[in-house]
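Worksheet for the structure shown next.
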Amino acid sequence: MNETDKNLLKEISEETSKAPDAYNIRKNGKSVDRKTNPFIDIVPKEDNKGIDVYVKENTLLGIVHIPVILTESGLKDVVYNDFHIGKNSNVIILAGCGVHNDEHKDTEHDGIHRFYLEENAKVKYVEKHYGEGNGKKILNPVTEIFMKKGSNMTMDTTQIKGVDDTLRETKAVLEENTTLVINEKILTNETQNAKTVFEVELNGKNASTHVTSRSVATENSSQEFVSNIVGNAECYAHVECDAIIKDKGLVKAIPEIYAKNPDANLIHEAAIGKIAGEQLMKLMSLGLSEKEAEDVIIRGFLK
Amino acid sequence: MLEIKDICFERDHKKILDHINLVLDEEKFYVITGPNGSGKSTLAKIIMGITKPDSGQILLNGEDITSLSVDERAKKGIGFAFQQPVRFKGLTVYDLLKISVNKEISKKEACSILAKVGLCAREYVDREVNASLSGGELKRIEIATVMARNPKVAIFDEPEAGIDLWSFQNLTEVFKDLEELNKGITLVISHQERILEIADEIILLEKGKIKQIGEKEEMFKLLFEEPKCCRKEGGCCERDR
């Protein structure tokens, strides 16, 4: 592993209280390192098209790390990763994709992640996307989540730097007494494009979801946020899309909620605007320049 | 010393400030009072640089600061507590205090700043400065961000606005301490008798002009005793006719 690889890994990694119990590192379309333990198994799919991660029933506090790095310009890497989370288990899954592309050819990573949560399973899924170098970097992550009775999942997804084009799709189907929390943070600059789509079906009684998207579009970049939440039962959903626009940045938000059951309780909020003048003024009155004040506000907003 | 020289400010053909002249000295606690629309907040904002005057000058210790921006004035030692404290998504009280003092401080140091405004600090230091805090809490944090800078000129724009009476009673204690400890100039815009009571000097603004400046005793006579007839139903003051 060279310095570029190490830097990419650092950018997409998250600090955890202990070292991962299991991991799989994928570089330029191939697994380069893997570790498993008796509770968490990682099995490669045929043709190196991805992995199956099996978490045994009742596994407590397992940490799984599955980073992907791409350094070969012009490569299009499509990977299918499936996560089978056993009953009553509790795991943290850290995923991410770092792309280094210095050449003119496009580099693309399409990661399709499917989560199957058995009854009462609990997952915290953290995903980071990062790009560097002058060549075009394209990331199209797809996340599909299937939640059995009593399961709980939190998904934190962040794309802060260097991804030129992205279509991020998240689909979830929730059974009874399940909770899905999604926190998304995106910053785009230059002429980058980002589109995110959330589709959540709340099918069971007491299923609930809270989707929060905070995004900043600067320079000539553009973003689109689409959410479609369907309440098929006595359920609860709250969708928030909060965006800051700067320079010539564009943001379009299309939050859709559809109550198909009279006991469904669905809320959506969407707010797009420039940094409030009084926020800048307050920080400037504490001695920050306008530029410094903007940076502080954006960093805080995406924290 | 802060000198305000011949400040004028007009909007929509209305004179908001009409040739204001003031000299404010160190270690003094000034309160600007007057009816709504008399120009108090505009004057405070002009001193901070938030609003630009149409004409006139502001001098801080002899230096003309009229053309300086808000952040440049902040660096020269002017502090301003906003009437409506600003909320920030994602910024904690600790973040804001670190910006205020312009250096890395420990959480313990941040707590001791908050304690000065009567907040049980440990509960607040990691909270976001957002709508989850009450009006009184936000106000105290706002005041703390100004006090933490030890400004040469500390301006507080209507600290009583938007908070309940109970919180305000506690807040007057903060200003009493400030009056005793602050070596610089303290300038508070207020309608509240409890704040006026702390003042070394009271400045009465009316219709954009300084109507009178004086020490507490003489000003209290003017403010609270003379217009007794106003308190009667349907009554009015002689001097208003």
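Only beta bridges with both residues in chain A are counted; by DSSP, about 5 percent of them are antiparallel. Dividing the mean sequence gap of close Cα pairs (under 8 Å, 6+ apart) by how many residues the range A:41-89 holds gives a relative contact order of 51 percent. A dipole drawn for the range A:121-280 from +1 and -1 charges on Cβ atoms has a positive end, and of A:Ala233, A:His268, A:Ala243 the residue lying farthest that way is A:Ala243.
Distance between the modelled labels on B:Glu104 and B:Glu72, one decimal in nanometres: 3.2 nm (7 Å Cα→Cβ projection).
Give the percent of DSSP beta bridges with both residues in the range A:1-113 that are antiparallel, rounded to the nearest 5.
Values: 10 of 35 bridges.
Antiparallel bridges make up about 30 percent of those DSSP assigns within the range A:1-113.
Each of A:Ser17, A:Asn206, A:Ser289 was placed along the dipole of chain A (beta-carbon charges, centred on the mean Cα), and the one lying farthest toward the positive end is A:Ser17.
Counting pairs of alpha carbon atoms under 8 Å apart in space and at least six apart in sequence, what relative contact order in percent does chain B give? Kindly include the intermediate steps, with their values, before the conclusion.
Details: 419 pairs, mean separation 63.5, N = 241.
Computed over chain B, the figure is 26 percent.
Any idea what the dipole of the range A:3-277 comes to, in debye rounded to 20, about its Cα centre with Lys/Arg Cβ at +1 and Asp/Glu Cβ at -1?
Working: 34 positive and 44 negative charges, 62 e Å.
So the magnitude is around 300 debye.
Using equal-weight Cα scatterers in the Debye expression, the normalised intensity of the protein assembly as shown in log10 at q = 0.09, 0.11, 0.13 Å⁻¹ is -0.80, -1.00, -1.20. The charge dipole of the range B:2-240, taken about its Cα centre with unit charges on the Cβ of Lys, Arg, Asp and Glu (plus for the first two, minus for the last two), comes to roughly 660 debye. Spin-label model, B:Lys14 to B:Ser134: label points 7 Å out along the Cα-to-beta-carbon direction sit 3.4 nm apart.
Normalise the Cα radius of gyration of the range A:3-277 by 2.2 N^0.38 Å (N = residues in it) and let me know the number.
The reported ratio for this selection is 1.00.
To make sure I understand, if each residue's beta carbon is the centre and we count other beta carbons within 10 Å, what order do B:Asp200, A:Asp33 fall in, fewest to most? Walk me through the intermediate numbers first.
Working: B:Asp200 14, A:Asp33 11.
By the 10 Å Cβ count, ascending: A:Asp33, B:Asp200.
As a footprinting exposure proxy, order A:Tyr54, A:Tyr130 by other Cβ within 10 Å, with the fewest listed first.
Values: A:Tyr54 18, A:Tyr130 24.
Listing A:Tyr54, A:Tyr130 from fewest to most nearby Cβ atoms yields A:Tyr54, A:Tyr130.
Put in order of Cβ neighbour count within 10 Å, fewest first, the listed residues B:Asp12, A:Asp247 become B:Asp12, A:Asp247.
Relative contact order (percent) for chain A, with alpha-carbon contacts under 8 angstrom and 6 or more residues of separation? The partial results should precede the final answer.
Details: 920 pairs, mean separation 30.5, N = 303.
Over chain A, the number comes to 10 percent.
For the residue pairs A:Lys122/A:Lys148; A:Lys18/A:Lys87; B:Lys5/B:Lys211; A:Lys6/A:Lys128; A:Lys10/A:Lys136; A:Lys56/A:Lys87, alpha carbon separations beyond 18 Å are given by A:Lys18/A:Lys87; A:Lys10/A:Lys136. Only Lys, Arg, Asp and Glu carry charge here, each on its Cβ (+1 for the first two, -1 for the last two); on that basis the protein assembly as shown has a dipole of about 220 debye about its Cα centre. Going by a ≥ b ≥ c, the root eigenvalues of the Cα gyration tensor, does the range B:1-41 fall in the rounded group (a/c under 1.5), the prolate group (a/b larger than b/c) or the oblate group? Because a/c hits 1.5 or more and a/b fails to exceed b/c, the range B:1-41 counts as oblate.
Every number in this text was worked out from the coordinates using simple rules, so none of it is lab data. In this text the structure is predicted, and so the values were computed from the model without any measurement. Neighbour counts are summed over all protein chains in view; Cβ atoms, including those assigned to glycine, are modelled from backbone coordinates with ideal geometry.
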